[in-house]
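I have placed the structure first, in the form of structure tokens, so that the comments after it can refer back to it.
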Amino acid sequence: MQEMEAVIGLEIHVEMNTETKIFCGCRTAFGAETNTQVCPICLGLPGHKPVLNQKAVEWHAKAALALNCEIAPYVQFDRKNYFYADLPKGYQISQFFYPMGINGHVDIEVNGETRRIRIRQIHLEEDTGKLLHMGNITASPSSLVDFNRAGVPLLEIVTQPDVRNAEEARLFLQKLRTIIQYTGVSDCKMEEGSMRCDANVSVRPKGSDILGQKTELKNMNSFRAVTRGIDYEIPRQIDLVLDGEEVIPQTRHWDEAKGVTRAMRTKYLATDYRCFPDPNVPPFKNDPAWVEEIRQSLPELPDARYARLVKEDGLPPYDAEVITASKAMADFYDQTVALVKEPKTVSNWLMGEVGRCLNTAGKEIQETALTPKHLAELLGLVKKGVITGKIAKDVMDEMFRSGQDPETIVKEKGLVQIADQSELDPVIDRVIQANPKVVEDFHAGKDRALGFLVGQVMKETRGKANPQMLNELLRRKLQG
């Protein structure tokens, strides 16, 4: 098996954030009641013609440019014919022969080396409906169809077969998702189906330039599913080849519960789709001036932002990588740094306490009540000595939960730092008297003793004692 290698090409489907569908005015909101966002056009009823959504075309170009693609001068929509229950017209309108975005790439870091994954094309098409499977699939199966998703603008991003293993696939997909999210074209929420991935997997002897027979793993809706699906399929195919058997060209389904791939159907060939130009959607030419206008509208993308945070803000590469992995987090960071001018402090808090709160709540930062202004104010209170770092963590929890500003929380809960010697002296005296053995250890030169006594004072003051003053007073009394 060590003499074999995998060759993997990915097909990623990304639903756009447009308010309306690609060829009609129906809404695209996720989670609406079934079959309420439909009309004769997206239901494929006779006598109703599609009208192309201009915003979808603009965002298509925007995504293609962000992925380093060339914008083709001529674009055409075609009818891709196949029959399936969630395809109301019996064909899908797609850019089959003349896609808009071609010859792009995404660079990923793998074990300290840069790997370039080439993008063959990125084309625009309409999404299908969605099957809702009811009951026991073996005993009494039944399926219903929800057409709310039919006609939602969909980007299909097709890579060259440059991926070699599941880890590279995961890293590529994560980088791709981040880039698309930065453009605002899609939220790329895999759990809601707005980003889906198919993987074309084949194997061959190492060093060979001949592609093996491939299978397609369909509609994997999480990075974990992609990784596990590919990791299962590669050794399955290698075993077949080494046993002298043939890899059958199939579309295969990833069974997440059982951890296996299962054959769904024989794989479609390009000729099976019988594509031809759609007579109702006119082709168009791209004006170079319009393409340049779209290019200029691109935001600062992840790689450029990463470089700026390292070079201008002085962040360690790891910090910059974590911060820029999410556009919302990177925006939050920039807005906070603009207020407090301390990049590393802001980064530490975002990666530490804020990250802890986000993980506990299972939320992204844009889904919370926390604001850059409030975080900046909290850091200001710590810097001025109004509250201790320990108290700041408690304030952060309350800010995250309620959205209140830190000054109000500190005032209402009486969390102001104790920096008055007359308040600290009696607490320190009690702690010294209660721990004679620890005091002996201090005089014997044991460093941990002082830390223990500091901790006891902090415990009695609920973390409000000024750390610098506390250490000074405690050391003076012990040496006294």
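Every number in this text was worked out from the coordinates using simple rules, so none of it is lab data. Since we're looking at a predicted model, the values are computed, not measured. Quick reminder, even Gly has a Cβ in these numbers, built from the backbone with ideal geometry, and neighbours come from all protein chains shown.
Structure above, values below:
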{"item": "Total lysine pairs whose alpha carbons fall under 17 Å of each other in the range 26-143 (8 or more apart, or interchain)", "result": "4"}
{"item": "For the range 300-413, size of Cβ-based charge dipole, Lys and Arg +1, Asp and Glu -1, in debye", "result": "300"}
{"item": "Residue order, fewest to most beta carbons within 10 Å, for 443, 60, 13", "result": "443, 13, 60"}
{"item": "Cα-based helix-to-principal-axis angle, 467-479 vs the chain, degrees rounded to 10", "result": "40"}
{"item": "FRET efficiency, residue 450 to residue 318 (Cβ-Cβ, R0 45 Å, nearest 0.05)", "result": "0.90"}
{"item": "Cut-off 15 Å, label 7 Å out along Cα→Cβ of residue 174, residues of the range 193-228 by amide N", "result": "222-228"}
{"item": "Alpha carbon centroid spacing (whole Å) that separates the range 328-345 from the range 198-265", "result": "44"}
{"item": "Whichever lysines have a C-alpha closer than 24 Å to that of residue 206, once near sequence neighbours (fewer than 8 apart) are set aside", "result": "214"}
{"item": "For a label point 7 Å along the Cα-to-beta-carbon line of residue 134, residues of the range 1-37 with backbone N under 19 Å", "result": "32-37"}
{"item": "In Hz, Karplus ³J(HN,Hα) per residue of the range 186-202 (6.51, -1.76, 1.60; θ = phi - 60°; x = Gly, Pro)", "result": "8, 7, 6, 7, 5, 5, 9, x, 7, 9, 9, 9, 10, 10, 8, 10, 9"}
{"item": "Length-normalised contact order for the range 367-480 - Cα pairs under 8 Å, 6+ apart - percent", "result": "28"}
{"item": "The range 177-237: translational diffusion in µm²/s, Stokes-Einstein, Kirkwood Rh over Cα pairs, 4 °C, 1.567 mPa s", "result": "98"}
{"item": "At 1.567 mPa s and 4 °C, Stokes diffusion of the range 300-413 via Kirkwood alpha-carbon radius, µm² per second", "result": "91"}
{"item": "Rounded to the nearest 20 debye, dipole of the chain from Cβ charges on Lys, Arg, Asp, Glu", "result": "460"}
{"item": "Two-site label geometry, residue 468 and residue 165: point separation in nm, points 7 Å out along Cα→Cβ", "result": "5.1"}
{"item": "Cα gyration tensor category, rounded, prolate or oblate, for the range 112-261 with a/c compared to 1.5", "result": "oblate"}
{"item": "Reach of residue 383 by Cα under 13 Å, taken over aspartates and glutamates that are not fewer than 8 positions away in the same chain", "result": "342"}
{"item": "Square roots of five times the Cα gyration tensor eigenvalues for the range 4-290, Å", "result": "30, 24, 18"}
{"item": "For the range 421-479, alpha-carbon Rg and Dmax in angstrom", "result": "10.4, 29"}
{"item": "Farthest toward positive dipole pole in the chain [+1 Lys/Arg, -1 Asp/Glu at C-beta], among 261, 348, 222", "result": "348"}
{"item": "Relative contact order (percent, whole number), the chain, Cα cutoff 8 Å, 6+ residue spacing", "result": "14"}
{"item": "Percent RCO, i.e. relative contact order, over the range 300-413, from Cα pairs under 8 Å lying at least 6 residues apart", "result": "21"}
{"item": "Sorted by Cβ neighbour density within 10 Å, fewest at the top, the residues 261, 159", "result": "261, 159"}
{"item": "Compactness relative to 2.2 N^0.38 Å, alpha carbon Rg of the chain", "result": "1.28"}
{"item": "Mean residue ellipticity (222 nm) of the chain, computed from DSSP H runs ≥ 4 via -39,500 (n - 2.57), nearest 500", "result": "-12500 deg cm²/dmol"}
{"item": "Per-selection Rg to Rh, the range 369-445 - Cα, Kirkwood hydrodynamic radius", "result": "1.17"}
{"item": "Förster radius 35 Å - calculated FRET efficiency between residue 276 and residue 115 (Cβ-Cβ, nearest 0.05)", "result": "0.40"}
{"item": "Partners for residue 175 among lysines (Cα-Cα distance below 16 Å; same-chain residues under 8 apart left out)", "result": "189, 327"}
{"item": "Spacing of the two label points (7 Å from each Cα toward its C-beta) at residue 412 and residue 433, in nm", "result": "3.8"}
{"item": "Sorted by Cβ density within 10 Å, fewest first, the residues 239, 127", "result": "239, 127"}
{"item": "Selection from 92, 67, 456, by position along the positive dipole direction of the chain (Cβ)", "result": "456"}
